[in-house]
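Everything below concerns the one structure shown next.
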Amino acid sequence: MNYKVTINIPIYYNEVPELRALIGWGRRDKDYPSLFELCNFWVGVRDENNKLIAFGYVCGMGLEHGYMEDIIVHPDYQGQGN
């Protein structure tokens, strides 16, 4: 199945911490909503039930360069290629 990657997708504050916990990372609940206020761009992917299944964000000064950080994919969707 193909999923749509959306830039600056609307995300509830609890969704990324829940996704982080599923892959074994600390939830870091206090980082949200601050992260969305500080980042220029983030991306997300939702499944057919509108559940957040992937997330990442761009760090940088908002000038010429940036880098992706905290690329997270729900364990049920990892390793499927494409």
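Data for the structure
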{"item": "Every residue from region 32-50 that is free of Cβ contacts under 8 Å to residues at least 12 places away in the same chain and either surrounded by 13 or more Cβ atoms within 10 Å (Cβ to Cβ) or within 12 Å of ILE72 (Cβ to Cβ) (or both)", "result": "none"}
{"item": "Pick from region 73-82, criterion out of contact with any strand residue (DSSP E or B) (no Cβ under 8 Å at 6 or more places or on another chain) and within 23 Å of GLY24 (Cβ to Cβ), ranking: modelled with the lowest pLDDT", "result": "GLY81"}
{"item": "Region 5-20, subset of a type outside the set (D, E, K, R) and open to solvent by 80 Å² or more (accessible area, probe 1.4 Å), residue nearest to GLY60 (Cα to Cα)", "result": "ILE7"}
{"item": "Boolean, ILE23 is open to solvent by less than 80 Å² (accessible area, probe 1.4 Å) and modelled with pLDDT of 95 or more", "result": "yes"}
{"item": "Residues located in region 51-72, provided they are open to solvent by 50 Å² or more (accessible area, probe 1.4 Å) and at pLDDT 95 or above", "result": "LYS51"}
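The values are calculated or read from the model by the stated rules, or taken from the named source; none is laboratory data. These figures come from a predicted structure and were not determined experimentally. Cβ: placed from backbone, ideal geometry, glycine included. Neighbour counts: every protein chain shown. Side chains included, ligands, DNA and RNA excluded: accessible areas come from the protein's heavy atoms. Shrake-Rupley method; radii C 1.70, N 1.55, O 1.52, S 1.80 Å.
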